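Everything on this sheet refers to the single structure shown next.
The values are calculated or read from the model by the stated rules, or taken from the named source; none is laboratory data. This one's a predicted model, so the numbers in the text were calculated from it and none came from an experiment. Virtual Cβ from ideal backbone geometry, glycine too; neighbours counted across all protein chains shown. SASA here: full protein model, heavy atoms, side chains in, ligands and nucleic acids out. Shrake-Rupley method; radii C 1.70, N 1.55, O 1.52, S 1.80 Å.
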Amino acid sequence: MSAEFIPAAKPIIGDEERAAVDRVLRSGMIAQGPEVAAFELEFAEHFVNGRATVAVNSGTSGQHLGLLAAGVGADDEVIVPSFTFAATGNSVALTGATPVFADIDPQTFSLDPDSVRAAITPRTKGIMPVHLYGHPFLVDQIEAIAKEHGLAIYEDAAQAHGASWNGRPAGTIGDFAMFSLYPTKNMTSGEGGMVTCATDDLARNVRLLRNQGMETQYANEVIGFNARMTDLHAAIGRVQLTKVDAWTAQRQANAAALNAGLAGIAGLTLPYVAAEAVHVYHQYTIRVDAAERDGLRDALKAEHNIGSGVYYPIPNHRLPSLAHFAPGLELPETERAASEVLSLPVHPSLAAGDVDRIIAGVTAVLQAGA
Ligand SMILES: *Cc1c(COP(=O)(O)O)cnc(C)c1O
């Protein structure tokens with residue numbers, strides 16, 4: 001095995017990012033300041049048609065503060081998927097509210113409208129769908145349910161920079177949306193998050209909660225956090241913003257090449273893309289039989305030097321941290337997805353021959369097992 005290892009994800013940091021950090025370091029002002037303010041405006045213009053946008057120190061902080069700013073608290077329930085990163089349910093639980101786990105649609109891996117309906121109670125305040133893997137959630141159906149029952153939508157857009165549904169960008173659909181800027185996401189600031197808000201009032205509340213409850217220095221209005229982004233991180237993010245569209249196009253081209261090369265392999269389901277959707281391929285996720293999945297992952301690494309990932313192996317309603325919210329709950333599509341999904345490398349730093357190696361590796365392993 002001589003070929004170089006192909007990692008499942010790889011952040012791209014160039015000379016421009018290094019120069020931007022150096023510029024901020026030399027300025028002597030390294031905490032939250034003008035770089036963050038500029039990054040917020042540029043991010044808002046780039047992704048969410050100029051919606052009021054607040055930068056924070058992580059996606060998780062953004063989700064937590066967004067929910068608090070939207071008034072979610074101890075008496076409330078928020079419907080979330082179980083098939084997601086734990087931050088989705090955690091952020092609801094951290095407000096004191098109850099995360100109520102619903103099942104997923106097997107094609108998009110996002111909230112199943114029927115399961116959402118069945119989870120509604122008099123305490124339900126909102127629905128927090130996830131644009132999982134960079135494919136938008138089923139926007140029309142979830143919006144119709146929210147409207148019918150008077151519920152808010154809070155978007156988990158952590159993986160969905162640039163995704164859209166019928167031309168509506170991820171991050172412009174809910175009362176607020178959270179984007180993550182963690183290194184493995186479609187663009188990064190090191191750590192960081194953005195909260196895009198439907199109203200200026202909501203954005204003001206997030207700003208207060210981000211900075212000890214103050215808008216004016218030492219005139220603290222509410223009890224808040226320190227969830228500020230630094231200018232060092234914002235400087236990285238601003239450069240990444242100028243590159244992210246090209247990276248997304250490369251992800252989409254890589255996905256198309258993987259689709260073409262993997263089509264027709266028995267027992268393998270390719271990623272689904274709804275007719276209404278622009279998919280930004282944070283992950284390129286196939287399904288294989290549960291009995292073969294872990295063997296495929298291990299053989300890709302051991303025999304072909306190719307990384308891959310299972311996102312996510314344990315449904316959130318089964319996690320030791322969150323299971324007490326869902327005693328005895330059965331979510332069949334969630335359980336099935338957790339045992340069948342495998343995400344192959346799709347990131348924009350794949351070299352020309354890497355996609356061919358991934359196709360050849362997957363084909364060889366699955367055909368040897370057949
Ligand atoms: C990454 C991620 C988060 C959390 O974002 P951080 O920036 O890591 O705090 C939340 N939800 C989903 C679906 C994610 O992928």
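Using a 1.4 angstrom probe on heavy atoms only, work out the carbon and sulfur share of the accessible area of region 199-344 in %.
Numbers: 3620 of 6820 Å².
Roughly 53 percent, rounded to a whole number.
Net charge within 15 Å of Leu41 by Cβ-Cβ distance, Lys/Arg positive one each and Asp/Glu negative one each, not counting Leu41 itself?
Working: positive: Arg51, Arg207, Arg238; negative: Glu35, Glu40, Glu42, Glu45, Asp200, Asp231.
Its environment carries a net charge of -3.
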So for region 226-281, using the alpha carbon gyration tensor with a ≥ b ≥ c as root eigenvalues (a/c under 1.5 gives rounded; past that, a/b versus b/c decides prolate or oblate), I'd call it prolate
Mean projected area, convex hull of alpha-carbon positions in region 172-217, reported to one decimal in nm², is 4.0 nm²
Residue by residue through region 139-144, the couplings from Karplus 6.51 cos²θ - 1.76 cosθ + 1.60 with θ = phi - 60°, in Hz, x for Gly and Pro, are 4, 4, 5, 5, 4, 4
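Ratio of the chain's C-alpha Rg to 2.2 N^0.38 Å, to two decimals?
Working: Rg = 20.7 Å, N = 370, 2.2 N^0.38 = 20.8 Å.
Output field value: 0.99.
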Under a Gaussian network model of the chain whose springs join Cα atoms within less than 10 Å, the largest fluctuation of Ile223, Ile30, Ile104 belongs to Ile223
One finds the C-alpha centres of region 337-363 and region 1-69 to be spaced, in Å, by 27 Å
Whole-Å distance linking the alpha carbon centroid of region 129-152 with that of region 208-246 is 27 Å
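How large is the accessible surface per residue of the chain, computed with a 1.4 Å probe and reported in Å² as a whole number?
On the way: 15000 Å² over 370 residues.
About 41 Å² of surface per residue is accessible.
Quickly rank 111-117, 97-103 as a protection proxy: mean count of other C-beta atoms within 10 Å, highest first. Don't jump to the answer; show the numbers that get you there.
Working: 111-117: 20.1, 97-103: 23.6.
Going from most to least packed, we get 97-103, 111-117.
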By the Kirkwood definition, with r running over pairs of different Cα atoms, region 244-368 has a hydrodynamic radius in Å of 15.7 Å
For region 194-207, Karplus-derived ³J(HN,Hα) couplings (6.51, -1.76, 1.60; θ = phi - 60°; whole Hz; x for glycine and proline) come out as 10, 10, 9, 10, 6, 10, 5, 4, 5, 4, 5, 4, 5, 4
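Take every Cα pair under 8 Å in the chain that's 6+ residues apart, average their separations, divide by the length, and report that relative contact order as a whole percent. Don't skip to the answer; put the middle values down first.
Details: 788 pairs, mean separation 83.6, N = 370.
That works out to 23 percent.
With a cap of 14 neighbouring Cβ atoms within 10 Å, and only residues DSSP puts in a loop, list the GluC sites (Glu not before Pro) found in region 1-101.
Values: sites: Glu4, Glu16, Glu17, Glu35, Glu40, Glu42, Glu45, Glu77; in loops: Glu4.
The qualifying sites are Glu4.
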